[in-house]
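Peer 1: I have a structure I would like to understand better, so I am pasting it below and will then ask my questions one at a time.
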Amino acid sequence: MARNLDTDSAGPRTLAIHAGERPDPATGASSPNIVMSSTFVTERPEGFSARELTEDSPFVYTRWANPTVRGLEEKVAALEGAESAAAFASGMAAAHAILLAELSSGDRLVLSDVSYAGIAELARDTLPRMGVEVVTVNMSDLAAVEAAVTKGTRLVFIDTPCNPLMRLTDIAAVARIAHAAGARLAIDSTFASPVATRPLEFGADYVMHSATKYLGGHGDAVGGVVCGRAELIRPLVSEAIVHFGGVMSPFNAWLIARGAATLPIRMRAHEETAMAVAKWLEADPRIARVVYPGLPSHPQHDLARRQMRNFSGMMTFRVRGGEAEGAEAAARMAARLKVIHHAVSLGHHRTLVCWMPTASLLETSFRLTGAGADAYRDWAGEGVFRLSIGLEDAADLIRDLDAVL
Ligand SMILES: *Cc1c(COP(=O)(O)O)cnc(C)c1O
C-alpha cells in the first residue's frame with residue numbers, strides 16, 4: 001500500500017493534501033492517525049545523543065522525532081520546495097532556533113527594523129547578552145542593507161511583507177548582498193505563506209513560518225516550521241528541538257497538517273475577498289490610506305507582482321485624523337463588530353482586525369527614532385488597523401466595517 005508521491009511534478013494543491021501522508025499500513029485508514037506516544041518500542045538499544053539522529057533514524061522518543069510531526073514537516077517542505085523542514089512548538093520557537101543555531105558571541109545579526117514584535121524584542125534584549133551584535137535596518141532600502149551587511153555578519157533576518165506595515169523586501173537582492181558578505185539569509189514568510197512566495201527559490205537559506213497563522217489557518221493550534229537544506233535543518237533539530245525542547249505536540253501537528261491541506265484554495269479565497277475589501281476601503285472617504293500589496297497604489301506593487309504569486313489576505317488601513325480618531329474607531333470596532341473579531345493574530349478563516357498605534361509601537365517594540373521612525377510614519381501615520389481577511393463573504397465584512405468606521 002506504500003504510495004510515493006512525486007513531489008517534483010505534483011502541483012501545490014496536490015502537495016498540500018498528499019505530501020507527508022500515506023494510508024495507514026495496518027488499517028488502510030485514508031486519513032492520518034495521530035501518534036501521541038512519547039516513546040517507541042525498539043528492537044535494539046539506541047544511542048541517547050542528539051548528534052546520532054538522522055532523518056532515517058527509527059522513532060525512539062517524541063522530543064527527537066514523531067511520525068505525526070514528521071508528516072507535517074514533509075508537507076511544509078514540499079510546499080516550500082525545500083529539502084528538509086523542522087516543526088516547533090511556536091513560531092517564536094522556530095525563529096529562536098535559527099538565531100541560536102547560527103549566531104555565536106562576536107557575530108553580527110542584521111535584522112529588519114520593523115518585524116514581528118517578539119522577534120524584534122528577542123533580538124534586541126536577549127542576543128546582545130550573548131555577545132551578538134544586532135543591527136537593524138530598513139530592508140526596503142537596499143543601499144542601507146548593503147552598508148549594514150559588513151564582513152562579520154553571520155545572518156540577515158527579514159520578514160516580507162513586514163508586520164505591521166505591509167512593506168516588502170526584495171528577497172533576491174538581499175540574498176545577493178548577504179551571500180557576498182558570507183552571511184546566510186533567513187526569511188519570516190508568515191504573512192506570505194508558501195502559496196504566495198517560496199523564498200528558497202529567491203536565494204534564501206532558511207524560511208520560517210508561524211504555523212499558527214496561514215499554515216494551520218483555523219486559529220486553533222500554535223506552532224512553527226523552519227525549512228531549508230538538510231545540512232542546515234539537522235543542527236536546528238539536534239540543538240533547538242532536542243536540547244532546548246521546543247517540540248511541537250503531535251496533536252497540533254495533526255491539526256496544522258489538516259489545515260495546510262486546504263492552504264492553496266484558502267489563499268485564493270483570502271486574496272479574492274481581500275481585494276474586494278481593499279478596493280471598497282480605498283474608495284471610502286472615511287479612510288486615509290489602504291496598504292495592500294495587490295492594489296496598484298501599494299508603493300512596491302511591481303515588486304509584489306514579481307515576488308508574490310498571491311497577495312494574501314493581509315492589509316492595513318488608516319482612518320482620517322490622528323491617533324485619537326484611530327483609537328475611537330478601535331473602540332467602536334471592539335464594541336460593535338458582528339462578524340469580524342477585534343483580536344490579534346492573523347491568517348485564520350475568521351476575519352481579525354487590531355489597532356496598532358504608532359507612538360507606542362515605536363517605543364516598545366521597535367525603538368525607532370529619526371529616519372527609521374519617519375519611514376515608519378510614511379507607511380503607518382499615527383496608527384494602522386491591521387486587517388486579516390478570513391473566508392467569510394466580502395459583502396458581510398464590508399457591511400460590518402461600514403457600520404463602525
Ligand atoms: C505570529 C508571528 C510570529 C510568532 O509566531 P507564534 O506562533 O505566535 O509564536 C512570528 N512572525 C510573524 C510574522 C508572526 O505573525
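The values are calculated or read from the model by the stated rules, or taken from the named source; none is laboratory data. On a predicted model such as this, the values are computed, not experimentally measured, just so you know. FYI the Cβ positions are ideal-geometry reconstructions off the backbone, even for glycines, and counts take in every protein chain you see. In case anyone asks, the SASA skips ligands and DNA or RNA and just uses the protein heavy atoms, side chains included. Shrake-Rupley method; radii C 1.70, N 1.55, O 1.52, S 1.80 Å.
Peer 1: Is segment 120-128 home to any residue that is in a strand (DSSP E or B) and outside the structural domain of Gln307 (by TED's automatic domain parsing)?
Peer 2: So far as segment 120-128 goes, no, none of its residues is in a strand (DSSP E or B) and outside the structural domain of Gln307 (by TED's automatic domain parsing).
Peer 1: Same structure again: Return the residues of segment 300-344 that are assigned to a loop (DSSP other than H, G, I, E, B), open to solvent by 80 Å² or more (accessible area, probe 1.4 Å) and under 27 Å from Ile171 (Cβ atoms); say none if nothing qualifies.
Peer 2: Arg309, Val344
Peer 1: Can you find a residue in segment 130-140 that is under 23 Å from Met315 (Cβ atoms) and open to solvent by 10 Å² or more (accessible area, probe 1.4 Å)?
Peer 2: Yes, segment 130-140 contains a residue that is under 23 Å from Met315 (Cβ atoms) and open to solvent by 10 Å² or more (accessible area, probe 1.4 Å).
Peer 1: From the list Arg70, Arg51, Arg44, pick out the single residue that is more than 25 Å from the chain's Cα centre (by Cα) and outside any loop (DSSP other than H, G, I, E, B).
Peer 2: Of Arg70, Arg51, Arg44, the one residue that is more than 25 Å from the chain's Cα centre (by Cα) and outside any loop (DSSP other than H, G, I, E, B) is Arg51.
Peer 1: Against the definition (at pLDDT below 95 and away from the ligand (no atom under 16 Å from the Cβ)), how does Leu362 come out, yes or no?
Peer 2: yes
Peer 1: What are the residues in segment 94-124 that are away from the ligand (no atom under 16 Å from the Cβ) and among the acidic types (Asp, Glu), if any?
Peer 2: Scanning segment 94-124 gives Glu102, Asp107.
Peer 1: Would you confirm whether any residue within segment 129-150 is within 11 Å of the ligand (Cβ to nearest atom) and in a loop (DSSP other than H, G, I, E, B)?
Peer 2: no
Peer 1: In segment 1-41, what count of residues is obtained for those that are surrounded by fewer than 16 Cβ atoms within 10 Å (Cβ to Cβ) and not in a loop (DSSP other than H, G, I, E, B)?
Peer 2: 3
Peer 1: Would segment 52-65 turn up any residue that is within 16 Å of the ligand (Cβ to nearest atom) and in the same structural domain as Thr197 (by TED's automatic domain parsing)?
Peer 2: no
Peer 1: Looking only at segment 333-354, decide whether some residue is away from the ligand (no atom under 16 Å from the Cβ) and touching a Phe, Trp or Tyr at 6+ places or on another chain (Cβ under 7 Å).
Peer 2: The answer is no; no qualifying residue exists.
Peer 1: If you don't mind, another one. Given the condition away from the ligand (no atom under 16 Å from the Cβ), out of contact with any Leu (no Cβ under 8 Å at 6 or more places or on another chain) and of a type outside the set (A, V, I, L, M), answer yes or no: does some residue in segment 153-163 qualify?
Peer 2: Checked segment 153-163: no residue is away from the ligand (no atom under 16 Å from the Cβ), out of contact with any Leu (no Cβ under 8 Å at 6 or more places or on another chain) and of a type outside the set (A, V, I, L, M).
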